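**Student:** Take a look at this one; I'll ask things after.
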Amino acid sequence: MLDPVYTVLSLIIIVPLALFLGVIYSFLIRKLSARFQWRVGPMFRMYSDLKPLLGTTRLLQPLYDILKLYGKETIVPDVSRRRLFVYSPYLSLIFAVTAILFIPFPGMPLLSGVPYSLIIASYLLIASTLFSILGPVASGSPWAAIGARREVELFLVSELGFVLSIFAVAIARQSLVIWDIANGGQSIYLALLTVAAGVLMLVAMLGKLHIKPFDMPEAEAEIVAGPYTEYSGKLLGTYYLTKVFILYGLVALFISLFLPPLATSVLWLPLYLLAALVLVFLLTAVQVLNPRYRIKNAINWYLKVVIPLGILNLIIALAIWLVV
Amino acid sequence: MKFEGAPDIAEYVKKEIYPDGLEYVPLRENRVAVRVAPEDLTKVAELFVKKYEARLIHATAVDLEFKGFEVLHIYDFSKKRDRLVVVVKALVEKDNPEIPSIANITWQAAWAEKEMKELLGINPLGTPDPRHQFLPYEWPNPVESGSIPEGNKFETPASATQTKEMYLPLRMPIEEAYQSLIPIGPYHPGVIEGQIVYVKVEGEQVVAADIKTGFHHRGIMKLIEQRGYNKGAFIAERVCGICSAAHGLAYITCTENLYEAEVPDRALYIRTLLVELNRIHSHLLWIGVVADVIGWKTGFMLTWGLRERVMDIIEAITGNRVNYGIWRMGGVSRDVSQELAEKAKRTVDNLKEECAKLLALVAEHPVVKSRLIGVGPLTKAQAFDGGAVGPVARASNWKIDVRADNPPHAIYDPKIVSWEVITDDHCDTYGRTLVRVKELLVSCGIVSQCLEYLAKTTGEIRIKPKSVPAGAEAVGLNEAPRGELAYYIRASDTDANLPHSIRIRTPSYRNNAIIPLMLVGSNLADVPVVMGSTDQCLACTDRVEVINEKDGTRKSLTWDQLINLSRRASRC
């Protein structure tokens, strides 16, 4: 392990850094989908006549949108369970931020070296999602209730893929420590596993991040804003902030688990960012090309894809463990 | 071109269709007005609908001052004889006006009868659904403020118990209703305009549905009645911002049927051109809206991108993008030059290729298919009884198209312009998508044929209209992008410039009425898709008397006050 002072310092640095990268990823998703849709989207370089008014770039536009919400009035509905309604967004944010501390970044191992860090990180990510369901349920709105129910159903199936995928890797690498996995070597068999488990993880990420065929919890044409219908102002901003952190966290987890050793040394940083870019591009492509499923179809689709793929993953992982 | 009916049409109706009428008056273009006694209306309806399979276009009533109310049932007989429309009239007295309801015979009259009751007070006896359609359910017994107690317990106000069946969505007991009803509307992101669709859900399954309209009233019919025939064309266009050309043409068809009209051929081609361009952009808009409703933003953006180009062509031709303002009695006001026609033809041909590519993508996308197939089923029998029109009816394999059956004053003669009526046997939202996609390509074909003619020839575009005879009546039909659009105008007995009354029946008026039928049994996720599948245009549908009620005092606004209000609203 590295110097404790460095670890503490990096723990402090990673939070703003994760926020910045998460914002950049959200920006890329918005910009790329806009270009796919014959739109302009948020600007990399502002038109010269608008520069004095709007600044040279709108790279941080997703962040500005969230900050704007912090300046708005926060309304708490009378019929809500006030305490749960108000605390859930913050708890969700805390869990997401804590999860990030267990996922390595190039040059910063953070807490990923502690025993069982893989399990801790995945539990924290799940807990964050859980509180993004509990708050809406406490709001007393029928739209939120339907949205939360859909979210639970989707969460169950997408989480299945997530867990199967990360544990296949853990079995093959014989470790539950993210740092060890991220430092592991590569071989042909492991590359095979990386492809299979990576696809499964990507599929699970679609559901966890509400990428397009699976965004039915927030289907605005059907259930208004879904779980977030009654949220406004700071509380809504907190939920959006959580989403940014989770986007960063999942991308970072993906890279450290499936593309070792990109997340270890500072020297890998350019490749790390490239991998993140490719991942974001894939997510955007799926988002742009697809309409939304019904919840029933989505679950069927997940079960059809995730169970065979998950079993295949486990077989490969066991084979690597026992034979190689 | 002159528009004349067969000379023997009144005798034909008397002999072949209904011999017991009191009076037979032939109107222009094979339309016949038959006067009957009010109590015979059900008999006539039964005979027409059951025996001849005639279609009720609209049921309405006209206020004839001291003579009483004249109830009109307009039936379409075009399947039996070319262009034949029978207007059945019955005079009822003003004190205690009552007519027998025909909604039990043909359900499509239900909304029309409710409208008669709400606008004029004519009571349909034995109607299956006595609740209000356009007025609030509570009317005229409003809920007193404070009568809804705190918490989740709702009590029925004393005044409402007497008219309980007029008061309840889905006629559920209030306690039950508030627990499991989901109101989609009046303002909801899935539907752009204001209406309420109540759906009762169990889980995500819809077990009952009901629709309530009455959220925008603009008094269009009254405005035309006050302004005369020429200005009416501009107001009629403003009934709907999307199918404005269809409204313009239907209105002009109707007014031209009031007198002996003659229209130059070139004007007819320009009319066809505009109506079809209008249809293209309306269908592109619809495909975009459905893509948006099922969550496919990309499809939405791409189709609306193509739509912009159609709008650009329309702008080049008429100078306007939304309301074209070129409709005149006896022709059109603006010519299309030969160069412009050639240029537009090239653009339209390019556009047709791109549309074909994009729409093939839409129609074959697996997720789109999984969202549309089997959603909002409507059989042909249901479509006939409910009175579906336009693409909704044609997607249920029912071949009705006003352009073929009862064409408006434009060029739709299959000998001159080659085109076809599209039908589909899917009987669901996917079928409606396919019908619209194919119709759009057919419309592109008609447009390029019109432009070809306009590029080759020159000629007059307007012949001065003659004066309208007193007391004339006319029915004007047109196929709007959403379906059959009907206008009925009765000329004033004293003033040659003013209509006595005008009645508009828009296609959405019909298609909205069958939405609850299609909703039952579907998934909650499909509710906006089904609602969108009829391409509803609610501003066309609503027609309620404006009464501004605050603190129990009634105040109706004058025209000037309304203008001042709108100016004040738009200033800030």
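The values are calculated or read from the model by the stated rules, or taken from the named source; none is laboratory data. Given the structure is predicted, the values throughout are model-derived calculations rather than measurements. Every residue, glycine as well, gets a Cβ built from its backbone with ideal geometry; the counts of neighbours run over all protein chains shown. Surface areas here come from the heavy atoms of the whole protein model, side chains and all, with no ligands, DNA or RNA. Shrake-Rupley method; radii C 1.70, N 1.55, O 1.52, S 1.80 Å.
**Student:** How far, in nm, would the chain grow between B:I463 and B:V421 when pulled straight, counting 0.36 nm per residue and subtracting the alpha carbon separation? Walk me through the numbers before you get to the answer.
**Tutor:** Numbers: separation 42, 0.36 × 42 = 15.12 nm, distance 3.12 nm.
Computed gain between B:I463 and B:V421 is 12.0 nm.
**Student:** Looking at the square roots a ≥ b ≥ c of the eigenvalues of the Cα gyration tensor of the stretch A:259-312, which shape do they give, rounded for a/c under 1.5, prolate if a/b is larger than b/c, or oblate?
**Tutor:** Numbers: a/c = 4.98, a/b = 1.84, b/c = 2.71.
Cα axes put the stretch A:259-312 in the oblate bin.
**Student:** Largest first and to the nearest Å, give the Cα extent of the protein assembly as shown along each principal axis.
**Tutor:** Sorted largest first, the three principal extents are 104, 72, 56 Å.
**Student:** Another question, if that's okay. Among DSSP beta bridges whose residues both lie in chain B, state the antiparallel percentage, nearest 5.
**Tutor:** Roughly 85 percent of the beta bridges in chain B run antiparallel, per DSSP.
**Student:** Separate question: Per residue and in Å³, how big is the convex hull formed by the alpha-carbon atoms of chain A?
**Tutor:** Looking at chain A, the number lands at 145 Å³ per residue.
**Student:** Something else: Where does helix A:295-323 land angle-wise versus the long Cα axis of chain A, in degrees 0 to 90, nearest 10?
**Tutor:** 20 degrees
**Student:** I need the phi-derived Karplus couplings for the stretch A:207-214: 6.51 cos²θ - 1.76 cosθ + 1.60, θ = phi - 60°, integer Hz, Gly and Pro marked x.
**Tutor:** x, 5, 9, 6, 7, 3, x, 10
**Student:** For chain B, what are the DSSP H helices with axial Cα length of 20 Å or more and mean Kyte-Doolittle hydropathy of at least 0.0?
**Tutor:** Taking the DSSP H segments of chain B (at least 20 Å long, mean hydropathy at least 0.0), we get B:265-293, B:297-318, B:429-456.
**Student:** How much net charge surrounds B:I252 when only other residues with a Cβ under 12 Å from its Cβ are counted (Lys, Arg +1; Asp, Glu -1)?
**Tutor:** Result for the neighbourhood of B:I252: +1.
**Student:** Tell me, what is a quarter of the convex hull surface for the C-alpha atoms of the stretch A:54-120, in nm² with one decimal?
**Tutor:** Working: hull surface 31.6 nm².
Directional mean of the projected Cα hull area for the stretch A:54-120 stands at 7.9 nm².
**Student:** A further question on this structure: With a 10 Å radius around each residue's Cβ, average the other Cβ atoms per peptide and rank A:90-99, A:187-196, highest first.
**Tutor:** So the peptides A:90-99, A:187-196, ranked by packing, come out A:90-99, A:187-196.
**Student:** Moving on. Cα convex hull of the stretch B:306-379: mean projected area in nm², to one decimal? Intermediate values should be presented prior to the final figure.
**Tutor:** On the way: hull surface 32.4 nm².
It is 8.1 nm².
**Student:** Reported to two decimal places, what Rg/Rh ratio describes the stretch B:242-301 when computed on Cα atoms with Rh from the Kirkwood expression?
**Tutor:** 1.22
**Student:** May I ask for the angle, rounded to the nearest 10°, between helix A:4-36 and the longest principal axis of chain A, with both axes built from Cα atoms and the value confined to 0 to 90°?
**Tutor:** The helix A:4-36 is inclined about 60 degrees to chain A.
**Student:** Compute and list, largest first, the equivalent-ellipsoid semi-axes of the stretch A:132-177 from the alpha carbon gyration tensor, each √(5λ) rounded to a whole angstrom.
**Tutor:** So the three semi-axes of the stretch A:132-177 are 33, 10, 4 Å.
**Student:** Looking only at other chains, what is the average number of their beta-carbon atoms within 10 angstrom of each beta-carbon in A:221-232?
**Tutor:** If you average over the peptide's residues, the count of other-chain Cβ atoms is 4.
**Student:** Residues of A:297-304, mean number of Cβ from any other protein chain within 10 Å of their own Cβ, rounded to a whole number? Walk me through the numbers before you get to the answer.
**Tutor:** Values: counts 5, 0, 0, 1, 2, 0, 0, 0.
Going residue by residue through A:297-304 and averaging, the value is 1.
**Student:** Sticking with this structure for a sec: Could you let me know the centre-to-centre spacing of the stretch A:111-139 and the stretch B:187-249, using Cα atoms, in angstrom?
**Tutor:** Between the Cα centre of the stretch A:111-139 and that of the stretch B:187-249, the gap is 48 Å.
**Student:** For the stretch B:378-437, with equal point scatterers placed on the C-alpha atoms only and solvent neglected, what are the log10 I(q)/I(0) values from the Debye formula at q = 0.15, 0.16, 0.23 1/Å, to two decimals?
**Tutor:** The calculated log intensity ratios at q = 0.15, 0.16, 0.23 Å⁻¹ are -0.45, -0.51, -0.86.
**Student:** Tell me the label-point distance for the pair B:D63, B:A316, using the 7 Å Cα-to-Cβ offset, in nm and rounded to one decimal.
**Tutor:** About 4.9 nm, to one decimal.
**Student:** What are the residues whose amide H is under 5 Å from the amide H of B:N123, where those residues sit 5 or more places off or on another chain and H is modelled from the backbone?
**Tutor:** Answer set, sorted by chain and number: B:E98, B:I99.
**Student:** Quick one: what are the phi-derived ³J(HN,Hα) couplings along the stretch A:90-99, Karplus 6.51/-1.76/1.60 with θ = phi - 60°, whole Hz, x for glycine and proline?
**Tutor:** Karplus-based 3J(HN,Hα) across the stretch A:90-99 equals 5, 4, 4, 5, 4, 5, 5, 5, 5, 4 Hz.
**Student:** Something else now. Over the Cα atoms of the stretch B:220-540, Rg to Rh with Kirkwood Rh, two decimal places?
**Tutor:** Ratio of gyration radius to Kirkwood radius: 0.97.
**Student:** Which of the three applies to the stretch B:9-125, rounded, prolate or oblate, going by the alpha-carbon gyration tensor with a ≥ b ≥ c and a/c under 1.5 meaning rounded?
**Tutor:** Details: a/c = 1.91, a/b = 1.45, b/c = 1.32.
It is prolate, given that a/c is not under 1.5 and a/b is the larger ratio.
**Student:** Still on this structure, I have one more. If all Cα-Cα distances of chain B are sorted into 20 Å bins from 0 onward, what percent lands in each bin, rounded to whole numbers?
**Tutor:** Reading upward from the zero bin: 20, 55, 24, 1.
**Student:** Nearest-5 percent of antiparallel DSSP beta bridges in the stretch B:9-125?
**Tutor:** If I count the DSSP bridges inside the stretch B:9-125, around 70 percent turn out antiparallel.
**Student:** Now for a separate question. Could you sort A:151-164, B:42-55 so that the peptide with the highest average Cβ count within 10 Å comes first and the rest follow in order?
**Tutor:** With the highest mean Cβ count within 10 Å placed first, the list reads A:151-164, B:42-55.
**Student:** Still on this model: Restricting to Cα pairs below 8 Å that are 6+ residues apart, what does the relative contact order work out to for chain B? Please round to a whole percent.
**Tutor:** 16 percent.
**Student:** In whole angstrom, how far apart do the alpha carbon centroids of the stretch A:5-36 and the stretch B:415-489 sit?
**Tutor:** 56 Å
**Student:** Using a 1.4 Å probe, what is the accessible area per residue for the stretch A:1-116, in Å²?
**Tutor:** Accessible area per residue: 58 Å².
**Student:** Over 32 Å between Cα atoms, which of B:K50/B:K231; B:K415/B:K464; B:K352/B:K399; B:K94/B:K464; B:K399/B:K464 qualify?
**Tutor:** Those over the limit are B:K50/B:K231; B:K94/B:K464; B:K399/B:K464.
**Student:** Next question. Using only the Cα atoms of the stretch A:151-274, what do you get for the radius of gyration and for Dmax, in Å?
**Tutor:** Looking at the stretch A:151-274, its Cα Rg and Dmax stand at 16.9, 51 Å.
**Student:** Measure nothing but the geometry: give the 0 to 90° angle between the long axis through the Cα atoms of A:233-258 and the longest principal axis through the Cα atoms of chain A, rounded to 10°.
**Tutor:** 20 degrees
**Student:** Then there is this: Under the rule of -39500 (n - 2.57) per DSSP H run of 4 or more residues, summed and divided by the residues of chain A, what mean residue ellipticity at 222 nm is obtained, to the nearest 500 deg cm²/dmol?
**Tutor:** -24000 deg cm²/dmol, from helical runs alone.
**Student:** What relative contact order, as a whole-number percentage, does chain A give when Cα pairs under 8 Å and 6 or more residues apart are counted?
**Tutor:** Relative contact order, chain A: 27 percent.
**Student:** Hey, another quick one. Could you work out how much longer the chain between A:L11 and A:I126 gets when fully extended? Use 0.36 nm per residue separation minus the Cα distance between them, nm to one decimal.
**Tutor:** Full extension from A:L11 to A:I126 adds 39.3 nm.
**Student:** Still on this structure: Any idea how far apart B:A6 and A:Q174 come out in nm if each label point goes 7 Å out from Cα toward Cβ?
**Tutor:** 9.5 nm
**Student:** Roughly speaking, to the nearest percent, how much of the stretch B:1-141's 1.4 Å accessible area is carbon and sulfur?
**Tutor:** About 51 percent, which is the carbon plus sulfur part of the accessible surface.
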